[in-house]
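The values are calculated or read from the model by the stated rules, or taken from the named source; none is laboratory data. What you see is a predicted model; the values in this text were computed from it and never measured. In this analysis, Cβ positions are derived from the backbone assuming ideal geometry, glycine residues included, and neighbour counts consider all displayed protein chains. Just so you know, the surface numbers come from the protein's heavy atoms only, side chains and all, with ligands and any DNA or RNA stripped out. Shrake-Rupley method; radii C 1.70, N 1.55, O 1.52, S 1.80 Å.
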Amino acid sequence: MSKPRVIAFYLPQFHPIPENDKWWGKGFTEWTNVGKAKALFPGHKQPKVPTDLGYYDLRLPEIYDEQTKLAKESGIEGFCFWHYYFGDGKQLLEKPLQRIVNESQNDFPFCLGWANESWEKKLWNKDSKGNITLIEQRYNGEKDYKRHFEIVKTIMMDDRYIKIDGKPLFLIYKPHNFLQCKDFIDCWRKLAIDSGLSGIHFVAHANEQDTDYSYYLRQGFDAVYTNRVKNGARGYQKNIFLSLYYFILKCIGFPRIVNYKEIVKQSIDICDMRENFYPGIICGWDHTPRSGRKGFVFSNFTMKLFKKHIESILALVEKKESEHKIIFLKSWNEWGEGNFMEPDMEFGHSKLDVLKQALSEKNNLMQTFI
């Protein structure tokens, strides 16, 4: 039996770009918000402080080499780089992956996840004052779809690019916001075949509110990342007492706090055992570095619960065909969301070690039945 294919989301916003300099000040990166975060309630552990890699800059190639070494040792198959294309040829944060494709001999696999949403001030300013659109996500029809494809074609044709059933994996973050998504998929599939690829394996990143995942399959997606790992965070909406509790927290200026144990309970569903449904692992959450008191925090995160969570997800894919044992890990380095695997002052290498241990135990168990 084959091992699970763990793919970790990868944020490239750890280097300055002119746009962020203009919007947030000279030298802004993800570290800016991470470093100035403050504890907002008793037991709240902020700021998060990196250890092994420090406050790194992705313009330095040795950083990626160190990241991939850590990821590979823990059992992660590859990174899903967030890809920012806003229409009319406009990209942001593309340089780290461009450098890897054009210059690096690093053999660690990668793929793309299109973060197709507008950037707004409320998402990045921890005071969340106003709702100013910094750059708008546009969908400009077939001509622009072709332009977009030409940008990513070289990346997809790289030997290191992650494939499923021989086709390069391409995830779309908000397909529910893209009304012409089916046309886009049809267009890219034709362009891929015309370019010598076997097609494209399209994965829909499900909306957290969704229950009708079949909608995405009807739109032409090959598979759905069900993104069910945060469902437990919405339990308060169904419980009048929890709803009142969160309302009081909001009134007194506390972030929303949800027990990670509830996340573990709500993160699995038997539908994820289907070949074209991909479950996910979440390694913590604390959005307060970006959103301050309007943020969202998973409390009581422990290695014991994290391992239990991983094991429950691994069980969902163990009987699938080898190509489809896909598990998305959220995330490798979303430090501003408290959602990272990289070593820090609080947990050290523990998250990586727990993932490695869970994968190794599962693999050993499978070997006994072969």
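Odds and ends about this structure:
- The set of residues from the stretch 254-306 being over 19 Å from the mean Cα position of the chain (by Cα), of a type in the set (D, E, K, R) and under 21 Å from L352 (Cα atoms) comprises K261, K304.
- One residue from L305, L316, L355 being at pLDDT 95 or above, under 15 Å from E73 (Cα atoms) and part of a helix (DSSP H, G or I): L355
- Here the stretch 1-40 is the region considered, the condition is being within 23 Å of S299 (Cα to Cα) and surrounded by fewer than 16 Cβ atoms within 10 Å (Cβ to Cβ), and the residue that is nearest to the chain's Cα centre (by Cα) is G35.
- Residue check for K69: at negative phi, touching a residue at least 12 places away in the same chain (Cβ under 8 Å) and basic (K, R): no
- Selection within the stretch 167-193: residues that are out of contact with any helix residue (DSSP H, G or I) (no Cβ under 9 Å at 6 or more places or on another chain) and of a type in the set (D, E, K, R). The member of this set that is farthest from Q137 (Cα to Cα) is K190.
- Residue pairs whose Cβ atoms lie under 6 Å apart, sitting 6 or more positions apart in sequence or on different chains, and linking a residue in the stretch 352-368 that is open to solvent by 80 Å² or more (accessible area, probe 1.4 Å) to a partner that is modelled with pLDDT of 70 or more, are K356/S74; K356/G75.
Residue-wise test of (1) of a type outside the set (A, V, I, L, M, F, W, C); (2) modelled with pLDDT of 95 or more; (3) within 21 Å of F9 (Cα to Cα); (4) open to solvent by 70 Å² or more (accessible area, probe 1.4 Å).
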position	(1), (2), (3), (4)
I76	no, yes, yes, no
G87	yes, yes, no, no
Q91	yes, yes, yes, no
P109	yes, yes, yes, no
K122	yes, no, no, yes
D127	yes, no, no, yes
K143	yes, yes, no, yes
L169	no, yes, yes, no
N177	yes, no, yes, yes
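- For A233: the one exception among (1) hydrophobic (A, V, I, L, M, F, W, C); (2) modelled with pLDDT of 85 or more; (3) assigned to a helix (DSSP H, G or I): (2)
- Failed item in (1) assigned to a loop (DSSP other than H, G, I, E, B); (2) over 30 Å from E275 (Cα atoms); (3) of a type in the set (A, V, I, L, M), with I100 passing the rest: (1)
- Search result, residues across the stretch 57-74 that are surrounded by fewer than 17 Cβ atoms within 10 Å (Cβ to Cβ) and either assigned to a helix (DSSP H, G or I) or out of contact with any Pro (no Cβ under 9 Å at 6 or more places or on another chain) (or both): L60, P61, E62, D65, E66, K69, K72, E73
- The stretch 319-328: number of residues that are outside any helix (DSSP H, G or I) and either polar (S, T, N, Q) or surrounded by fewer than 24 Cβ atoms within 10 Å (Cβ to Cβ) (or both): 5
- Failed criterion for I268 (all others in (1) surrounded by fewer than 22 Cβ atoms within 10 Å (Cβ to Cβ); (2) at pLDDT 95 or above; (3) closer than 30 Å to H201 by Cβ hold): (2)
- Candidates I162, I135, filtered to the one that is aliphatic (A, V, I, L, M) and touching a Gly at 6+ places or on another chain (Cβ under 9 Å): I162
- Those residues of the stretch 1-56 which are in contact with a Pro (Cβ under 7 Å, 6 or more places away or on another chain), closer than 27 Å to G113 by Cα and of a type in the set (A, V, I, L, M, F, W, C), in sequence order: F28, V34
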